[in-house]
Amino acid sequence: NAPTYLNFLSAAMGKYALDVNIQSNVREFVIEDEIYLQAISVAAVFFGAMTYIGNGPNFMVKSISERSGINMPGFFQYFIKFGVTILLPVFIIIWLIFFFGKG
């Protein structure tokens, strides 16, 4: 999830001609464009786990399981069987609590 986060953070900061490698630019972005930072954080954490590609350890677990003779679902099977049916509803509930549960 960290590489996804860093790529999207760099792209969002680039929109304002800020450099992710300059600490003062990152500080400025965090203070002035908080909504972008929230969106990037939620997307990287929530949706990185929904696919094999989005989360590197998912590939590792899949590979180890297959070498051990355990049948693992393919990319689209995983996405539909677990990502959409289980993770997406859970993430929506967490998102609602996170953004609207502030009281």
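So here's what we get for this one:
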read-out: Sole exception among (1) surrounded by 11 or more Cβ atoms within 10 Å (Cβ to Cβ); (2) of a type outside the set (K, R); (3) at pLDDT 85 or above; (4) over 28 Å from A12 (Cβ atoms) for F82, by number; value: (3)
read-out: V90 vs. criteria among the β-branched types (V, I, T) and surrounded by 12 or more Cβ atoms within 10 Å (Cβ to Cβ); value: no
read-out: Tally, over the stretch 69-91, of residues that are free of Cβ contacts under 8 Å to residues at least 12 places away in the same chain and of a type in the set (G, A, S); value: 2
read-out: Condition broken by I53, with the remaining ones in (1) at pLDDT below 80; (2) aliphatic (A, V, I, L, M); (3) part of a helix (DSSP H, G or I) satisfied; value: (3)
read-out: Hits in the stretch 19-44 - residues which are part of a helix (DSSP H, G or I), more than 19 Å from the chain's Cα centre (by Cα) and not aromatic (F, W, Y); value: Q23, S24, N25, V26, R27, E28, I31, E32
read-out: Any chance Y16 is over 15 Å from the mean Cα position of the chain (by Cα) and modelled with pLDDT of 90 or more; value: yes
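The values are calculated or read from the model by the stated rules, or taken from the named source; none is laboratory data. Note that the structure is a prediction, hence the values are computed from the model and not measured. In this analysis, Cβ positions are derived from the backbone assuming ideal geometry, glycine residues included, and neighbour counts consider all displayed protein chains.
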